[in-house]
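Student: Here it is, the structure, as structure tokens.
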Amino acid sequence: MKRTEIRDLNKKFQDFGGKEIKVCGWARTVRDSKNIGFIELNDGSFKSVQIVFERAKIQNYDEVAKQNVGASFEVVGTVVLTPQAKQPFEINAKSVVVLGESATDYPLQKKGHTIEFLRSIPFVRARGNLFNAVFKVRSVAAFAIHKFFNERGFVYVHTPIITSNDCEGAGEMFQVTTLDLERIAKEGKLQQNKDFFGKKVGLTVSGQLHEECLTMAFGKTYTFGPTFRAEKSNTTRHAAEFWMMEPEMCFSDLQDVMDNEEEMVKYVISYVLNECHDEIEFLNRFVDNGLIDRLTNVVENKFERVSYTQAIDILLKANEKFVFPVKWGVDLQSEHEKYITEKVYKKPVFLTDYPKEIKAFYMRLNDDKKTVAAVDLLVPGIGELIGGSQREERLDVLKQRMNELGLKEEDYKWYLDTRRYGTNKHGGYGLGFERFVMYLTGISNIRDVEIFPRTFGSIEG
Ligand code: 4AD
Ligand code: MG
């Protein structure tokens, strides 16, 4: 007999009434009295199914009854509709095979563990409802992103993970080397040319620069993959390894970039609300009571568009004590971003045209020569969700900017070539995917939207 998945059973359980089926899964609970017992069986579908087993019907009653939470089973039985009970149906077992016992120290014996405790046991945390919901949303959101760009003719490109360029220029790259560090320390001599690639390389902080080479061939592209930052910030929104999704569009300006961001965010939210009904309901109930309202509002309302200079004025006039002082030219801290998006506008806000000193070299210099055509999307509860810009397409201006920042032209020849042959106004952005999953689920710590989080000073597995 073929196995029926519990998700299919749940979708149209009425059709299964009176039929014999086979299900497999792990026990969330096992309860028994002398002659009748119950297993709450879950196979990864969000909802579990109740198995009823009776001493009179199965030979191995005692073996089944003594099983622990976490054990895996194969059950054959009849679907019984129970319209009066809490769950609308159950399975009355004809046979129960114990596939894998679960040791008595299984960490999820009871419900209601703290999220911090669950974080310490990655191998089972996904077996509870909370992480099941979060990782399902994560999967559906990733699919929705692909669907969105695919429907609009974007080409999905894969850019290198190992690279010699620090795209953001912030010096946050993890170095990749095959050199024997202990020997170097002992001998006190470093020969970089003896390293694997013959020069210093690291893990990518953004695929954007490599991607631009492909965008200049296809017109519109996106990347979506692992990204690494050796940022020593121990916050709830920073991970050392995370996923970034970066679209890039030719013949486009900053307004086009913002339009695409807004459309994409709304599209993915709508898709998740439609496809993850049970999961979002659960998260709304147990994690963040305002989740559904907030997501619905985001889809229905226009995002605000405000310049950095306007934002500084707002902050200067604010009747609020900030830890970090505000003046034109400073990089905005999360307290400032929070004030703008949570207190002033209470919705997603595009902040544009930042001072060039606090942004990356590739952003297009505005006519005022002081600001660049940058845009950050700030959202309530998270802060910066997306960072993007119109790119500097003028070779001379770009080279001058690189000189100012001490970047060597010869290291970027492959990038500058895109400006030599058919340059055009273009732009793009990078979405921090974990931050987006936090936004979609109401989860407040980035460590809880990655199954094996890597953060400053902490790595397991
Ligand atoms: O603003 P960032 O640094 O922009 C770039 O890297 C551009 N090259 C993107 C582009 O235009 N193609 O990073 C983009 C986003 C941030 O807005 C944030 O959401 C996320 O990446 N991000 C992080 N997420 C988790 N942990 C970290 N340490 C992150 N650093 C950035
Ligand atoms: Mg940024």
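The values are calculated or read from the model by the stated rules, or taken from the named source; none is laboratory data. Please read these numbers as outputs of a predicted model, since none were measured by experiment. Ideal geometry is used to build each Cβ from the backbone, glycine not excepted, and the neighbour counts take in all protein chains shown. Calculation scope for accessible area: heavy atoms of the full protein, side chains included, ligands and nucleic acids excluded. Shrake-Rupley method; radii C 1.70, N 1.55, O 1.52, S 1.80 Å.
Student: Take residues that are farther than 21 Å from residue 9 by Cα and touching a strand residue (DSSP E or B) at 6+ places or on another chain (Cβ under 8 Å) and tell me which of the strands (runs of 3 or more DSSP E) falling wholly in region 42-128 contain 2 or more.
Tutor: Filter on region 42-128 gives 89-100.
Student: Taking region 246-255, which residues are crowded, with 18+ Cβ neighbours inside 10 Å and either more than 9 Å from ligand 1 (Cβ to nearest atom) or not assigned by TED's automatic domain parsing to the domain that holds residue 138 (or both)? Let's see the steps before the verdict.
Tutor: Taking region 246-255 first, the residues crowded, with 18+ Cβ neighbours inside 10 Å are 246-250, 252, 254.
The answer is 249, 250, 252, 254.
Student: While we're on this one: Taking region 56-87, which residues are free of Cβ contacts under 8 Å to residues at least 40 places away in the same chain, surrounded by fewer than 17 Cβ atoms within 10 Å (Cβ to Cβ) and over 36 Å from the mean Cα position of the chain (by Cα)?
Tutor: Passing the criteria: 56, 57, 59, 60, 62, 63, 66, 82, 83, 84, 85.
Student: If you take the residues of region 440-458 that are farther than 21 Å from residue 280 by Cβ, within 13 Å of ligand 1 (Cβ to nearest atom) and in a loop (DSSP other than H, G, I, E, B), which of them is least open to solvent (accessible area, probe 1.4 Å)?
Tutor: Checked region 440-458; the qualifying residue least open to solvent (accessible area, probe 1.4 Å) is 453.
Student: Still on this structure, please answer the following. Out of (1) in a loop (DSSP other than H, G, I, E, B); (2) open to solvent by less than 40 Å² (accessible area, probe 1.4 Å); (3) touching a helix residue (DSSP H, G or I) at 6+ places or on another chain (Cβ under 7 Å), the odd one out for residue 9 is which?
Tutor: Against the list (1) in a loop (DSSP other than H, G, I, E, B); (2) open to solvent by less than 40 Å² (accessible area, probe 1.4 Å); (3) touching a helix residue (DSSP H, G or I) at 6+ places or on another chain (Cβ under 7 Å), residue 9 comes up short only on (1).
Student: Right, here's the next one. Yes or no: residue 211 more than 16 Å from ligand 2 (Cβ to nearest atom), at pLDDT 95 or above and on the phi < 0 side of the Ramachandran plot?
Tutor: Working: more than 16 Å from ligand 2 (Cβ to nearest atom): yes; at pLDDT 95 or above: yes; on the phi < 0 side of the Ramachandran plot: yes.
Yes, satisfied.
Student: Out of (1) surrounded by 11 or more Cβ atoms within 10 Å (Cβ to Cβ); (2) away from ligand 1 (no atom under 11 Å from the Cβ); (3) assigned to a loop (DSSP other than H, G, I, E, B); (4) modelled with pLDDT of 95 or more, the odd one out for residue 190 is which?
Tutor: So the condition that residue 190 fails would be (4).
Student: Continuing with this model, one more query. Taking the stated definitions as given, is residue 348 surrounded by 15 or more Cβ atoms within 10 Å (Cβ to Cβ), within 16 Å of ligand 2 (Cβ to nearest atom) and over 24 Å from the mean Cα position of the chain (by Cα)? Step through it out loud before you land on a result.
Tutor: Values: surrounded by 15 or more Cβ atoms within 10 Å (Cβ to Cβ): yes; within 16 Å of ligand 2 (Cβ to nearest atom): yes; over 24 Å from the mean Cα position of the chain (by Cα): no.
Criteria not met by residue 348.
Student: Please give the number of the condition residue 163 fails out of (1) within 30 Å of residue 357 (Cα to Cα); (2) surrounded by fewer than 18 Cβ atoms within 10 Å (Cβ to Cβ).
Tutor: Status for residue 163: all satisfied but (2).
Student: In region 415-438, what residues are more than 17 Å from residue 373 (Cβ to Cβ) and either at pLDDT below 95 or within 15 Å of ligand 1 (Cβ to nearest atom) (or both)?
Tutor: At the first step, the residues of region 415-438 found to be more than 17 Å from residue 373 (Cβ to Cβ) are 415-418, 420-422, 431-438.
Residues satisfying the conditions are 415, 418, 431, 432, 433, 434, 435, 436, 437, 438.
Student: Taking the criterion of being under 18 Å from residue 28 (Cα atoms) and at pLDDT 90 or above, would at least one residue in region 108-121 satisfy it?
Tutor: Checked against the condition, which is being under 18 Å from residue 28 (Cα atoms) and at pLDDT 90 or above, region 108-121 yields no hits at all.
Student: From the list 306, 298, which residue is assigned to a strand (DSSP E or B) and farther than 30 Å from residue 411 by Cα? Working first, answer last.
Tutor: Numbers: 298 fails: assigned to a strand (DSSP E or B).
306 is the lone residue from the list that is assigned to a strand (DSSP E or B) and farther than 30 Å from residue 411 by Cα.
Student: Now for a different question. Among the residues that make up region 17-40, is at least one of them farther than 24 Å from residue 129 by Cβ and assigned to a helix (DSSP H, G or I)?
Tutor: No, because not a single residue in region 17-40 is farther than 24 Å from residue 129 by Cβ and assigned to a helix (DSSP H, G or I).
Student: Give 173, 216 a once-over and let me know the one that is closer than 28 Å to residue 406 by Cα, assigned by TED's automatic domain parsing to the domain that holds residue 252, open to solvent by less than 60 Å² (accessible area, probe 1.4 Å) and in a helix (DSSP H, G or I).
Tutor: Values: 173 fails: in a helix (DSSP H, G or I).
Every option except 216 fails the conditions.
Student: More than 23 Å from residue 347 (Cα to Cα) and either open to solvent by 60 Å² or more (accessible area, probe 1.4 Å) or of a type in the set (Ser, Thr, Tyr) (or both): does that describe residue 389? Can you show your working first?
Tutor: Values: more than 23 Å from residue 347 (Cα to Cα): no; either open to solvent by 60 Å² or more (accessible area, probe 1.4 Å) or of a type in the set (Ser, Thr, Tyr) (or both): yes.
In short, no.
Student: Is there a residue being within 27 Å of residue 421 (Cα to Cα), basic (Lys, Arg) and within 15 Å of ligand 1 (Cβ to nearest atom) anywhere in region 368-377?
Tutor: Within region 368-377, none of the residues are within 27 Å of residue 421 (Cα to Cα), basic (Lys, Arg) and within 15 Å of ligand 1 (Cβ to nearest atom).
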